[in-house]
1. What residues qualify as long-range amide H neighbours of Arg34, i.e. H under 5 Å apart, gap of 5 or more or another chain, H built at 1.01 Å from N?
2. Pick out which of Arg55, Arg90, Arg163 has the largest mean-square fluctuation in a Gaussian network model of the chain, springs linking Cα atoms closer than 10 Å.
3. Mean shadow of the stretch 115-187, computed from the convex hull of its alpha carbons, in nm²?
4. Hey, in the GNM for the chain with a 10 angstrom Cα cutoff, which one of Thr168, Thr74, Thr103 fluctuates hardest?
5. Any idea what the dipole of the chain comes to, in debye rounded to 20, about its Cα centre with Lys/Arg Cβ at +1 and Asp/Glu Cβ at -1?
6. Which trypsin sites (Lys or Arg not before Pro) from the stretch 99-151 combine a DSSP loop assignment with at most 10 other Cβ atoms within 10 Å?
7. Per residue of the stretch 110-117, what does 6.51 cos²θ - 1.76 cosθ + 1.60 with θ = phi - 60° give for ³J(HN,Hα)? Whole Hz please, x for Gly and Pro, Karplus curve as stated.
8. Compute the Rg to Rh ratio over the chain from the alpha carbon atoms, using the Kirkwood formula for Rh, and round to two decimal places.
Amino acid sequence: AMPVYNSKLIAAADAPREWDDLLDPKWKGKILIRDPLASGTMRAVWGYVLSKSVRETGSPAAGFAWLARLDAQTKEYVFNPILLYEKIVRGEGLITIWDLPDTLLERQRGSPLQYVFPKSGTPVIDDAVGLVAGCRHPELGKQFIDFLGEKEMQRLAAEKTFRLPARTDLGDALPAWAREVEREMVP
C-alpha cells in the first residue's frame, strides 16, 4: 500500500512523497480513504503506522496521534474500492492510500492514477496459499499449490494481475513493472 494520486490534477513534483507529506495542510479535505473496518489494505496501513510507532518509541501513542492527524485531513471514508477510484478520478478527492495491484489494474484501464513508494517504507500485503489440515483431497491440493508456484504461473500472475511473485528466479521473464517495483519499493 502506498499514496496514490490523480496525475491529471496533481503534478508529480507536487505529489506526496512520504507518509508525513499526507499531513501537509495543503491536502486537508483532499484525501479519500477506504473504510478501514472493511479494508484489509487499510488495516495493513494502520498496522504499519502503529508498529512503526512501537518500534521507534516503545508505544503506539505516536502512531495513533499520526492517524488522528490523517483523519483530520481526510474528506471521506469511502465504502468500497470502486467508489474510491471513481471519486479520485473525478477529482472529488485528489489522494488516497491503496494497494499496488488494484492501482496498476486501474491504470491499465486508463485511469490517471499514479503511485509513490515512500523511501521510508511501504507496507506489503503478501498473498498466500496453503493446504488445509485434514482436507479430503490433500494430494490434489498439493498439486494445485505446485501448479501455482511454477515459473510460468508466477510470471502470468505478475503479467496479467500485477501480483509480485514469491519466486526470485524469474529474471527477465519478470514484467517491467515488477522489476521497477523491486528497484523502487522499500518493504
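The values are calculated or read from the model by the stated rules, or taken from the named source; none is laboratory data. Since we're looking at a predicted model, the values are computed, not measured. So basically every Cβ, Gly included, is an ideal-geometry build from the backbone, and we count neighbours across all protein chains shown. Accessible surface is based on the protein model in full, side chains and every heavy atom, while ligands, DNA and RNA are left aside. Shrake-Rupley method; radii C 1.70, N 1.55, O 1.52, S 1.80 Å.
1. Val78, Ile97
2. Arg55
3. 6.0 nm²
4. Ranking Thr168, Thr74, Thr103 by mean-square fluctuation puts Thr168 first.
5. Numbers: 25 positive and 26 negative charges, 70 e Å.
I would put it at about 340 debye.
6. Counting only loop positions with at most 10 other Cβ atoms within 10 Å, the trypsin sites (Lys or Arg not before Pro) in the stretch 99-151 are Arg109, Arg136.
7. Running phi through 6.51 cos²θ - 1.76 cosθ + 1.60 with θ = phi - 60° gives x, 5, x, 8, 9, 10, 9, 8 Hz.
8. 1.01
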